[in-house]
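These notes are about the structure you will find just below.
We did not get these values from a lab; they are worked out from the coordinates using the rules stated. Keep in mind that what you see is a predicted model, and the values were worked out from it rather than measured. So basically every Cβ, Gly included, is an ideal-geometry build from the backbone, and we count neighbours across all protein chains shown.
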Amino acid sequence: MSERIDLPRQRASEGRPINVTFRPNSFPQQEFQLKMEWNSQRDGWTIELRHLDVDTLITKSMAQPYRLYDYMPWCLFLFADPTGQKQYITPETLQDDIFLYVHPGPGGQDPAEW
């Protein structure tokens, strides 16, 4: 089972910077931060994903759909279109078609406990 993390839809559609903190169900006592900026020269979103409680950088890269951002054994992060139709993360698709998901790892909380 995975959990969808809500991002600010209007900021995303306007290509404005996004900065959200969240506590996923798969790792509920821990706080994470996602920063995103639209890079018009590279025609893509840059992302920085960080585990705040231990100040650990998980990734700082260009966002790509269906790529796993691994933070094992606790969780995995993934941008995906649940229909599998959209292949690019753009201001138009982010939060309308493509969402950020968190999947629990073996060290994360069992979905039955959510």
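Values for this structure:
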item	result
Max mean-square fluctuation residue, GNM over the chain, Cα-Cα springs under 10 Å, options E92, E37, E14	E14
Rel. contact order, % - alpha carbon contacts under 8 angstrom, at least six apart, the chain	29 percent
For the chain, built as a Gaussian network whose Cα springs stay under 10 Å, the top-fluctuating residue of Q33, Q85, Q95	Q85
Fewest-first sequence of K60, K86 by Cβ atoms within 10 Å of each Cβ	K60, K86
Shape of region 38-114, Cα gyration tensor, a/c cut at 1.5	oblate
Expected 222 nm ellipticity per residue - DSSP helices of 4 or more, -39500 (n - 2.57), all of the chain, to 500	-1000 deg cm²/dmol
The chain: most fluctuating residue of S40, S61, S26 per GNM, C-alpha cutoff 10 Å	S40
Per-residue Cβ neighbour rank within 10 angstrom, fewest leading, D110, D70	D110, D70
Fewest-first sequence of L68, L49, L57, L100 by Cβ atoms within 10 Å of each Cβ	L57, L68, L49, L100
Counted charge near E113, where neighbours are those whose Cβ lies closer than 15 Å (Asp, Glu -1; Lys, Arg +1)	-1
